[in-house]
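Every read-out reported here was derived from the displayed coordinates using simple, explicitly stated rules and does not represent laboratory data. These figures come from a predicted structure and were not determined experimentally. No Cβ is skipped: glycine too gets one built from the backbone with ideal geometry, and neighbour counts run over all protein chains shown.
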Amino acid sequence: MNSGAGIEGKYRLLLVEDDAVIAGEIKLHLEKWGYEVRCVEDFGNVLAEFAACSPHLVLMDIGLPFFNGYYWCAQIRQISQVPVIFVSSAGDNMNIVMAVNMGGDDFVAKPFEPEVLSAKVQAMLRRTYAFRGQTNVMEWGGLILNLTDASLLVEGQKLDLTKNEFRILQLLFENAGRTVSRESIMKRLWDNDCFVDDNTLTVNMTRLRKKLEAAGAGPLIHTKKGIGYLIGE
């Protein structure tokens, strides 16, 4: 096998492993194969780190602080079909069956040879991305915007968005921390050659804000008077 400087180099992996020593060893080994490996730091909010990383594959331990790997796999499955490989010392049949039932794609029992893990990762990535694009989500402040079905995940609850609501949020997420002008939002929502009353945007924004606040996601959108809107300060 080569060092993975070729096709493997484009892939991002998210490692959900709370043992720092094991996580360090796995990360070091997989980086030698050219993968970009990110280790989860906040085990109370794995889903937000998943969305921020936008990985091509997840390596998931079962025994974790706060919630176990089964829980987080199920949460990921609400927003993405990205492959999940469980890596755990709990390698009995019951746990393997549970891992598959919760949406896992493969299982590697600890202890394992590093070469076995990298071979499984390589095979899973090639099998997956020969026909499927990468995960398609955006994250800000623990809120996850799903670009595939135009929904927002708020504290684990799925909030369906209208076409305009989705386009507004997508533009604000893309520019998180920066003010987006009213003109830019209107261009995203409506064709340039179509005259739209400026008040129409205000109405759309008011409805979206009320919807977000009712779902527990507000106040999310801030107004910069005479300029536009932003999320984050």
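Key figures for this structure:
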| quantity | calculated |
| --- | --- |
| Two-site label geometry, Arg77 and Arg207: point separation in nm, points 7 Å out along Cα→Cβ | 3.4 nm |
| Acute angle (nearest 10 degrees) that the helix 20-32 long axis makes with the longest principal axis of the chain, alpha-carbon atoms | 90 degrees |
| Calculated from backbone phi, Karplus (6.51, -1.76, 1.60) coupling profile of the stretch 98-115 in Hz, x at Gly/Pro | 4, 4, 5, 5, 8, x, x, 9, 7, 9, 10, 8, 7, x, 9, 6, x, 5 |
| Cross-link table Lys187/Lys211; Lys187/Lys224; Lys27/Lys163; Lys10/Lys224; Lys10/Lys211; Lys10/Lys163, entries beyond 30 Å C-alpha to C-alpha | Lys27/Lys163; Lys10/Lys224; Lys10/Lys211; Lys10/Lys163 |
| Given charges at Cβ of Lys, Arg, Asp, Glu: the chain dipole, positive-most of Leu147, Trp33, Pro55 | Leu147 |
| Fully extended contour minus Cα-Cα distance, from Asp18 to Lys158, at 0.36 nm per residue | 47.6 nm |
| Label point distance in nm, Phe66-Glu25, each placed 7 Å from Cα along Cα→Cβ | 2.6 nm |
| Answer label for Rg and Dmax of the Cα atoms in Å (calculated), chosen among (1) 20.5, 65; (2) 17.9, 62; (3) 17.1, 49 | (1) |
| Total formal charge among the other residues, if their Cβ is under 13 angstrom from that of Leu14, Lys/Arg +1 and Asp/Glu -1 | -4 |
| Pairwise FRET efficiency - Lys187 versus Tyr129, Cβ, R0 = 35 Å, nearest 0.05 | 0.60 |
| Distance between modelled label sites at Asn45 and Asn199, nm, 7 Å Cα→Cβ extension | 3.9 nm |
| Rounded, prolate or oblate (a/c below 1.5 giving rounded, otherwise prolate when a/b exceeds b/c) for the stretch 36-173 by Cα gyration tensor | prolate |
| Helix 163-174 axis, angle to the chain major axis (alpha carbon atoms, nearest 10°) | 70 degrees |
| Helix-only [θ]222 nm of the chain, DSSP H runs n ≥ 4, -39500 (n - 2.57) each, per residue, nearest 500 | -12000 deg cm²/dmol |
| Within the chain: Cβ-based charge dipole about Cα centre, in debye rounded to nearest 20 (Lys, Arg +1; Asp, Glu -1) | 760 debye |
